[in-house]
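No value in this document is a laboratory result; all are computed from the given coordinates. For clarity, every value in this text was computed on a predicted model and none was experimentally measured. All Cβ positions, glycine included, derive from the backbone under ideal geometry; neighbour counts span all protein chains shown.
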Amino acid sequence: MEKSASFQINPQNSARATTSVDLTNHLSARGLFHSDADAGTSASIKTKSNPESATATISGSVGADADLNIDLQSLITSELNSIYPATVNQSTSNKSANTSRFIGERTGKDKHFFIFTSAGKLVFSQWENESHAMGLTGIIHTVMNYFNINDNTSMKQFSMYDGDGIMTRFVFADKNHIKLMVQCSNNYESTAQLQQQLDLVYSYIISSVSQRNLNKLMMKRSNFDLQHYLTDLDQQLLQSLCDSLATQQKLTWFANSLECLPMTPKKRNAINTVLSSQYLDFNISNRNGQILYTLVTSLDMRLISILRPSNHTLHTIDLQILFELVQLQLTDLLLDKVLWFPICFPKFNDNGFLYALIKVLPNRTIIMVISSQKNAFETLNEFVGRIGDKLMEDVNSNNLEFPLLDWHKMFPCINHFVYKMKRTVQIYTPFQPTNEMLQYYNHLKNLCEDDQGRTLNKSSIAMLKWKNDTSPGQLSGLYWTTEKFELYILLNDINISNQSILRSAKRLIQHMREVESYLFISRGVTF
Amino acid sequence: MSRKKNILKVIILGDSGVGKTSLMHRYVNDKYSQQYKATIGADFLTKEVVVNDDKVATMQVWDTAGQERFQSLGVAFYRGADCCVLVYDVTNAKSFDNVKSWRDEFLVHANVASPETFPFVILANKVDVEESKKVVSSRSAQELAKSLGNVPLFFTSAKDSINVQDAFEEIARSALQQSQSDADAYEDDLNEAINIQLDGEPSSCGC
């Protein structure tokens, strides 16, 4: 199915643009929360009472079963009215002032993450005022329990509008012992994407604690204070993860994939050969499992090579978490330190830990070796040392990257693009997109997906033109997804016809296929 | 370990109108309002507390609605509490009779590890009223406290600020003790490695 649409939004203000596909608007009504006016550290759960328009803002998931959700909505709306009758709370007359008190104390972010235990004990929030956050946690806990928002119900979010008509969404994830919520007032990210982000945040917690330990701790004592159990580094990482999800999302998160360093196949093969020959040399005297995965990346976390058992692969989220951890400690690594830490890969096996050795090699690449044995440090350290030496010997380490320089000449009208190869879950982009570009890409992608994040068709194309009267900022965009690839394109020209955009896209895909062996790691080295 | 303070979850239970919200406001904000306003669902207050002069913790008070129609909300609140405060009104015999059922209700739903040692505190509120209006004797209160396992009992007045501070200090102390009891259970070696079988089934997706 081909879809195209064209309408106007203001690029400066694109966070607030709505399109006709924003179904959330259709399913939600007005209502609001506010905190109690007389106590800074208190919060209560009530709804604004206004007999004419008093309804709570609830919207279920939107999609094929929209009717069901409308029923759910009206049910909840009437329930809310009986639970919170319109007689309370006459003192709060200024609607917008109250709303802004609830969501206004933000620090320039349009998103806020909350994590708390099933007992309602705060684990993490992005609010600076912790006791305020704890009050909010109580409310969120109540809302989730009252409406029975969990992974088995279709209701995953609700939204509300402030006095200016700005919509804020509250998206939930219930992971049994841990509950998560993100409050989001941008409208370019879909609910499915927000849920994916909650999953990433939760996966990070599991990578530090492991699901089995979490179950053990929380089942024995549901009052367990997990916040206290996490280390400073954990808190720091949660902070940096949530901050970047809120302000500057990474392309790899957006596209659920990894990025590779573009290299000539010859050079990549040379590195692969070093890894496999060292592994073979080494493995003769070693028990299996000591060296499980070996990854080499650039300093900016683009994959160069991967060595893995033929029957085990690594999930993208697991690697994204590992890369986050490494990046946070890059300063130490560059001082020639070796990192050695236990890590649980939640999608690989959330019951236990693997052990990671991380080091920067002499050729300014990062090597990560993952073992299943906790006393394998010495062995792994020696393995890494030998790889480092051999790489310096055998591979010309200068200019590992082979940048694709000619794409601009070949496609002069294309500003930026992202190409994702679905089979390998890897992306290529000539340079990192800005936040604004990501918003455009989000916008395009949302046109082809339902609220659960499923593509409407196996193969879809969306084209959009963004106009702005006041500045020369005029853009066209295309998103094309098939079973094999996803392509995102931004073009600097609004007068270009859909046909020629499509032609350029086809040629670009052709070109990407031709240089595929430079851009992506197809299998890695297996043993 | 993180420098973060312990969070203590304290639940206040009791019949409608016994003064749960007033006690909480007296304690947290040192304020009292004559006007009665039923709690809708729940209120949440937090206060930093210092226990035994050296341990700092954040007390998170979950003030629940006493009215029966909100009971469906209550159940979810009980989980993971560190201390449960049972409040009755000395001028209301029924509210006193119900103390035991509130305790039982809590134990049924809270799913605490060892019900016999879980800390409760009983507050006999509104002791500022004239003697003729009191219908629950101190003796019967003491007997009840004893029968429930020597539960600490305080005669309080949120209105005149009698015994409220003392009571909440005791609440904080027992909550902290509860939250730290069998803390050594976590000293287990939790870093269990995975037993990898390289010949096993292929797992997860490709990369």
Query raised in the report: Which residue, chosen from A:Leu475, A:Ile496, A:Gln510, occupies the Cα position most advanced towards the positive end of the dipole of region A:407-519, where the dipole is computed from +1 (Lys, Arg) and -1 (Asp, Glu) charges on Cβ about the Cα centre?
Result: A:Gln510
Query raised in the report: In terms of modelled amide H atoms, which long-range or inter-chain residues lie less than 5 Å from the amide H of B:Thr46?
Result: B:Val61
Report summary line: Taking Lys and Arg as +1 and Asp and Glu as -1, residues besides A:Ile321 with C-beta under 15 Å from its C-beta add up to -3
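Averaged over every viewing direction, what's the projected area of the C-alpha convex hull for region A:372-445? Give it in nm², one decimal, please. Numbers along the way, then the final one.
On the way: hull surface 37.2 nm².
Mean shadow area of the hull around the Cα atoms is 9.3 nm².
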Query raised in the report: About its Cα centre, how strong a charge dipole does region A:265-400 have in debye, to the nearest 20, once Lys and Arg get +1 and Asp and Glu get -1 at the Cβ?
Result: 300 debye
Requested in this report: Take every residue in peptide A:216-227, count the Cβ atoms of other chains within 10 Å of its Cβ, and give the average of those counts.
Outcome: 6
**Report entry** Percent of Cα-Cα distances greater than 20 Å, calculated over region A:407-519
**Finding:** 39 percent
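How large is the direction-averaged shadow of the alpha-carbon convex hull of region A:193-320, in nm²?
Projected area, direction-averaged: 10.9 nm².
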Query raised in the report: Taking K and R as +1 and D and E as -1, what net charge do the other residues with C-beta under 11 Å from the C-beta of A:Ser277 add up to?
Result: 0
Report task. Please say if region A:265-400 is rounded, prolate or oblate, where rounded means a/c under 1.5 for a ≥ b ≥ c the square roots of the C-alpha gyration tensor eigenvalues, and otherwise the choice is prolate for a/b larger than b/c and oblate otherwise? Result -> rounded
Query raised in the report: Averaged over A:310-323, how many beta carbons belonging to a partner chain fall within 10 Å of each residue's beta carbon?
Result: 3
Report summary line: With a Förster distance of 51 angstrom and the Cβ-Cβ distance between A:Ile494 and A:Asn396, calculated FRET efficiency to the nearest 0.05 equals 0.65
Query raised in the report: Can you give the extra length, in nm with one decimal, that the chain gains between A:Phe527 and A:Gln474 once fully stretched, where that is 0.36 nm per residue apart less the Cα-Cα distance?
Result: 14.0 nm
Requested in this report: Taking the Cβ of B:Val50 as the centre, find all other residues whose Cβ is under 13 Å away and add up their charges (Lys, Arg: +1; Asp, Glu: -1).
Outcome: 0
Query raised in the report: What FRET efficiency, computed as 1/(1 + (r/R0)^6) with R0 = 22 Å and r the Cβ-Cβ distance, is obtained for A:Asn375 and A:Asn351, rounded to the nearest 0.05?
Result: 0.65
**Report entry** Residues in region A:334-372 that a label on A:Asp199 would reach, taking backbone N under 14 Å of a point 7 Å out along Cα→Cβ
**Finding:** A:346-348
Requested in this report: Using per-residue counts of other Cβ atoms within 10 Å, averaged over each peptide, order B:119-129, A:338-348 from highest down.
Outcome: B:119-129, A:338-348
Query - Filter on B:Lys94/B:Lys134; A:Lys179/A:Lys420; A:Lys220/A:Lys374 - keep pairs with C-alpha separation over 22 Å - result: A:Lys179/A:Lys420; A:Lys220/A:Lys374
Report summary line: Sorted on mean Cβ neighbours within 10 Å (highest first), peptides A:353-362, A:480-489, A:497-506 come out as A:353-362, A:480-489, A:497-506
Query - Cβ neighbours within 10 Å from other chains - mean over A:132-141 - result: 4
